[in-house]
Amino acid sequence: MVERLTIDHVGHFGDGVAFAGGETLYVPYTLGGETVEVVPAPGQHPDRRRLLKVERASRERIAPICQHFGTCGGCAIQHWETERYRSWKRNLVIETLAQAKIACEVHSLIDAHGRGRRRMTLHARLGTHDVLKVGYAAASSHDIVPIDRCPILDPALDGALDAAWAIAEPLKPSGKPLDIQLTATDGGLDVDVRGSGRLAAAMISTLSRVAEQHRLARLTRHGELILLRNPPVIAIGTAQVMLPPGSFLQATVAGEEALATLVSDHCKGARHIADLFCGVGPFALRLAEKSRISAFDNDAGGVAALQKAAGTTPRLKPVRAERRDLFRRPLVMQELREFDAVVFDPPRQGAQAQAQQLAASKVGVIVAVSCNVATFGRDARILIEGGYRIEGVSPIDQFRYSPHVELVAKFAK
């Protein structure tokens with residue numbers, strides 16, 4: 001049944017929000033003030049609607065930059081005028097912190113899209129009549145949208161789509177999609193294939209030829225090496241880091257640099273810094289240019305890569321990297337005594353147990369980095385109730401056209 005709705009505003013996930021018949025309804029790809037025709041979205045929550053037609057468009061609506069927008073599930077907001085989009089994204093932080101009863105200055109949104117995203121994950125699947133599809137997951141669906149270009153990618157990923165198709169062809173995936181993760185590195189494309197199952201020797205040879213033909217830096221399957229042509233390294237500060245297969249990486253080079261600049265500014269003058277959830281060292285290796293570093297993470301590959309890079313980079317202060325599950329074994333008060341500053345950048349679930357230990361400590365400066373405003377608010381509340389004052393929040397937009405926002409905040413006692 002076709003419904004006619006008036007969109008009230010854009011919600012926290014980028015969907016238009018409408019109120020009708022006592023219900024709150026969500027319509028993707030719409031803007032506040034628009035009148036639209038919609039139908040129920042099959043297989044989705046009853047409050048979701050599928051957009052059929054925009055009857056009266058907002059003056060803030062613009063043409064999307066990608067032909068796949070609206071079918072591909074990768075971007076939520078390409079149709080909104082830039083300044084209104086930026087204001088909305090900053091307000092996501094303001095409103096979520098207000099809900100957590102945290103009063104502080106939220107600085108202007110930092111645009112960190114830069115050259116674009118340096119990593120993509122494509123899915124491959126055999127469709128009807130065994131026709132291969134390679135692309136992104138469709139919006140709110142398990143279908144695959146074949147793509148021939150993606151305008152939000154770093155130009156260093158040029159050739160990634162062709163390489164993914166060439167890898168998927170001999171594997172002939174069916175049922176569960178094959179995932180192909182491609183990362184731009186200084187040595188070339190680093191590719192990790194997941195979902196293929198065990199590979200016969202003949203298939204390994206075939207994929208090795210594909211890697212040679214497409215001049216991949218490295219090809220792995222579930223992290224296991226198939227072929228290494230060039231070390232897949234990235235620059236972090238003055239260090240060169242060889243990435244472990246599939247390791248966490250900030251979405252854009254500009255995003256990593258923006259986060260690291262804020263972290264370094266907030267840690268200025270600290271002699272010994274703890275970097276918690278350190279990954280491959282985007283903060284530790286830069287901070288080590290002026291301070292002694294103790295870095296912790298549960299990712300053994302990331303910790304090893306960080307330690308090796310620190311050991312081969314001249315003129316860094318001492319760096320100690322240790323594997324540790326900070327969710328189960330957070331640094332406790334006694335261990336925190338030796339640090340002038342602590343940086344923590346947890347996954348989306350935040351770091352509640354570690355925040356509780358930090359709140360009870362006497363560390364002078366704590367710098368929180370987060371990709372989830374809600375869990376940041378919870379952890380920040382713990383620090384504030386422990387006696388820390390928050391000195392402002394800087395929101396960073398490295399996931400342009402999405403509702404995701406990063407942030408950095410400084411706490412002092």
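The values are calculated or read from the model by the stated rules, or taken from the named source; none is laboratory data. What you see is a predicted model, and the numbers here were worked out from it, not measured in a lab. Note: ideal-geometry Cβ built from the backbone for every residue, glycine included; neighbour counts use all protein chains shown. Protein only, heavy atoms only, side chains kept; ligands, DNA and RNA dropped before computing areas. Shrake-Rupley method; radii C 1.70, N 1.55, O 1.52, S 1.80 Å.
Observations on the structure shown:
- Debye log10 I(q)/I(0) for the range 228-377, one point scatterer per Cα, at q = 0.21 Å⁻¹: -1.47
- Among the trypsin sites (Lys or Arg not before Pro) found in the range 1-98, those both in a DSSP coil and sparsely packed, with 12 or fewer other Cβ atoms within 10 Å of their Cβ, are Arg59.
- Full-stretch length increase - Phe248, Ala202 - with 0.36 nm per residue and alpha-carbon distance subtracted: 13.5 nm
- Set of lysines near Lys133 by C-alpha distance (under 22 Å), chain-local residues within fewer than 8 positions excluded: Lys172, Lys176
- Taking Ala211, Ala235, Ala368 in turn, the Gaussian network model of the chain (Cα-Cα springs below 10 Å) assigns the largest fluctuation to Ala235.
- Top of Ala274, Ala374, Ala63 by mean-square fluctuation, Gaussian network on the chain, Cα under 10 Å: Ala63
- In nm, spacing of pseudo-spin labels at Thr71 and Arg4 (7 Å Cα→C-beta vector): 3.0 nm
- The translational diffusion coefficient of the range 1-131, from Stokes-Einstein at 25 °C and 0.890 mPa s with a Kirkwood hydrodynamic radius over alpha carbon pairs, comes to 144 µm²/s.
- Most fluctuating residue given options Thr24, Thr121, Thr261, as computed from a GNM of the chain linking Cα atoms under 10 Å: Thr24
- The listed residues Leu52, Leu287, Leu227 rank as Leu52, Leu227, Leu287 when sorted by accessible area, largest first, using a 1.4 Å probe.
- Restraint check, Lys53/Lys101; Lys89/Lys290; Lys89/Lys268, Cα-Cα greater than 31 Å: Lys53/Lys101; Lys89/Lys290
- Straightening the chain between Lys172 and Thr261 buys 27.6 nm, computed as 0.36 nm per residue apart minus the Cα-Cα spacing.
- Cut-off 14 Å (backbone N to label point 7 Å along Cα→Cβ of Glu95), residues of the range 343-379: 373-374
- Inverting the pair-averaged 1/r between distinct Cα atoms of the range 86-239 gives 17.7 Å as its Kirkwood hydrodynamic radius.
- Summed over the residues of the range 1-152 and divided among them, the accessible surface reaches 54 Å² per residue at a probe radius of 1.4 Å.
- Efficiency of FRET between Thr35 and Arg315 - r from beta-carbon atoms, R0 45 angstrom, step 0.05: 0.10
- Karplus-derived 3J(HN,Hα) values for the range 347-357, using 6.51 cos²θ - 1.76 cosθ + 1.60 with θ = phi - 60°, are x, 4, 6, x, 9, 4, 4, 5, 4, 5, 5 Hz; glycine and proline are entered as x.
- Relative to the current alpha-carbon distance between Asn298 and Val131, full extension at 0.36 nm per residue lengthens the span by 56.1 nm.
- Placing +1 on the Cβ of every Lys and Arg and -1 on the Cβ of every Asp and Glu, with no other charges, gives the chain a dipole of roughly 820 debye about its Cα centre.
- In percent, rounded to a whole number, the relative contact order of the range 27-99 is 27, using alpha-carbon pairs under 8 Å and six or more apart.
- The translational diffusion coefficient of the range 131-216, from Stokes-Einstein at 37 °C and 0.692 mPa s with a Kirkwood hydrodynamic radius over alpha carbon pairs, comes to 238 µm²/s.
- About its Cα centre, the dipole of the range 178-249 is roughly 180 debye, where the only charges are +1 on Lys and Arg Cβ and -1 on Asp and Glu Cβ.
- Solvent exposure of the range 217-342 as accessible area per residue, Å², 1.4 Å probe: 45 Å²
- Rolling a 1.4 angstrom probe over the protein heavy atoms with all chains in place gives the range 364-404 an accessible area of 30 Å² per residue.
- Estimated dipole of the range 1-120 in Debye, rounded to 20 [Cβ of Lys and Arg +1, of Asp and Glu -1, Cα centre]: 540 debye
- Carbon/sulfur fraction of accessible area - the range 26-136, other protein chains in place, 1.4 Å, %: 51 percent
- Pairs of C-alpha atoms in the range 239-312 farther apart than 21 Å represent 20 percent of all such pairs.
- Contact order relative to length of the range 273-413, as percent, for alpha carbon pairs under 8 angstrom and 6 or more apart: 20 percent
- Coil-residue trypsin sites (Lys or Arg not before Pro) of the range 159-230, DSSP, other Cβ within 10 Å capped at 10: Arg198
- The modelled label-to-label distance for the pair Glu385/Phe327, using points 7 Å beyond Cα in the direction of Cβ, is 2.2 nm.
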